[in-house]
Amino acid sequence: LSDLYGVPNKKMAVVPCGVADRFVGADPELFKQHYGIDNFLFCIGRFDPRQKNQLGLIRALKDTDVPVVFVGSPITGAEDYLEQCKKEASLNTLFIDYLNPEDNLLASAFAAANTLVVPSFYEYPCMVAMEALLAGTKVAITNGGTTQETFKHYASYFNPHSVSDMRASTIRTYENDIPEGAEDYARQTFLWDNVGRLLEEAYRNAGFIE
């Protein structure tokens with residue numbers, strides 16, 4: 001951008017996406033009492049075979065006894081894909097059509113989960129992973145897109161095209177502790193207060209405000 005438009009680098013800034021602070025310190029009991037499950041692998045997002053790759057995750061976890069919770073409905077035309085996912089899923093898999101983003105039950109789901117798994121072919125960057133880290137939940141995520149520069153060493157990464165790599169990374173994350181400093185990093189980076197400060201600074205450096 002600097003080369004193309006002749007804009008000084010000091011007038012440019014990277015401002016991350018922001019997420020709500022209700023995920024910080026979320027109570028896992030609400031989800032646990034409602035659905036009778038905790039310490040699970042959590043996968044949330046629309047069912048979309050071109051991007052989200054839930055079927056790949058289901059196949060990666062075949063023959064494991066780890067409980068899995070999927071939240072999401074199919075995009076138009078992907079109804080058969082969802083049915084295929086349900087057909088191949090193990091018996092310890094729960095499918096939930098929808099959780100309201102503004103409802104405390106969603107934040108509770110993140111807190112009740114052991115690990116968020118994002119098997120997408122790409123993510124730019126991935127807001128649900130931000131929410132998971134804020135809730136103190138571990139993250140195993142695709143290496144496709146901008147995930148690694150966003151989540152650094154606070155998440156584990158896998159090749160979404162490799163069932164074996166996805167399985168190994170997910171199980172390893174499930175069995176290990178959350179990386180030290182992950183929650184602090186998420187609070188200092190992804191909350192709207194921080195995003196607002198960075199945005200104000202970017203406008204000031206660009207000369208739009210005094």
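The values are calculated or read from the model by the stated rules, or taken from the named source; none is laboratory data. Remember, predicted model here, so these are calculated numbers, not experimental data. All Cβ positions, glycine included, derive from the backbone under ideal geometry; neighbour counts span all protein chains shown. These area figures cover heavy atoms from the full protein model, side chains too; ligands, DNA and RNA do not enter into them. Shrake-Rupley method; radii C 1.70, N 1.55, O 1.52, S 1.80 Å.
For this structure, a couple of remarks:
- These residues, TYR203, TYR157, go from largest to smallest accessible area, 1.4 Å probe, as TYR203, TYR157.
- Sequence-separation-based contact order of the chain, relative, with Cα cut under 8 Å and 6+ spacing, percent: 26
- The label-point distance for ASN176 and ALA13, in a model that sets each label 7 Å from Cα toward Cβ, rounds to 3.4 nm.
- Extreme residue, positive dipole direction of the chain, given options PHE42, ALA107, PRO160 (C-beta unit charges): PRO160
- If you sort THR170, THR93 by accessible surface, 1.4 Å probe, largest first, the order is THR93, THR170.
- Considering only alpha-carbon pairs that sit under 8 angstrom and 6 or more positions apart, the relative contact order computed for the range 25-90 is 36 percent.
- Cut-off 12 Å between beta-carbons: net charge of the residues surrounding ALA140, Lys and Arg +1, Asp and Glu -1: +1
- For the range 121-200, a simple Cβ point-charge model (Lys and Arg +1, Asp and Glu -1, everything else neutral) yields a dipole of about 180 debye relative to the Cα centre.
- Among the listed pairs LYS52/LYS86; LYS32/LYS86; LYS62/LYS87; LYS32/LYS152, those beyond 20 Å (Cα-Cα): LYS32/LYS86; LYS32/LYS152
- Modelled spin labels at HIS153 and ASP103, positioned 7 Å past Cα toward Cβ, are 3.9 nm from each other.
- Here the chain is treated with +1 on each Lys and Arg Cβ and -1 on each Asp and Glu Cβ, and its dipole about the Cα centre works out to around 460 debye.
- The trypsin sites (Lys or Arg not before Pro) found in the range 140-180 include none that occupy coil by DSSP while having at most 10 further C-beta atoms within 10 Å.
- Residue by residue, the range 183-191 carries 3J(HN,Hα) couplings of 5, 4, 4, 5, 5, 6, 10, 9, 5 Hz when phi is fed to the Karplus relation 6.51 cos²θ - 1.76 cosθ + 1.60 (θ = phi - 60°); x denotes Gly or Pro.
- Mean-square fluctuations from a GNM of the chain, with a 10 angstrom spring cutoff on Cα atoms, peak among ASN53, ASN159, ASN92 at ASN92.
- Charge-dipole axis of the chain as Lys and Arg at +1 and Asp and Glu at -1 on Cβ define it, positive-most pick from TYR185, LEU4, THR146: LEU4
- Here the Karplus relation 6.51 cos²θ - 1.76 cosθ + 1.60, evaluated at θ = phi - 60°, turns the backbone of the range 194-204 into coupling constants of 5, 4, x, 4, 5, 5, 4, 5, 5, 5, 5 Hz, with x for every Gly and Pro.
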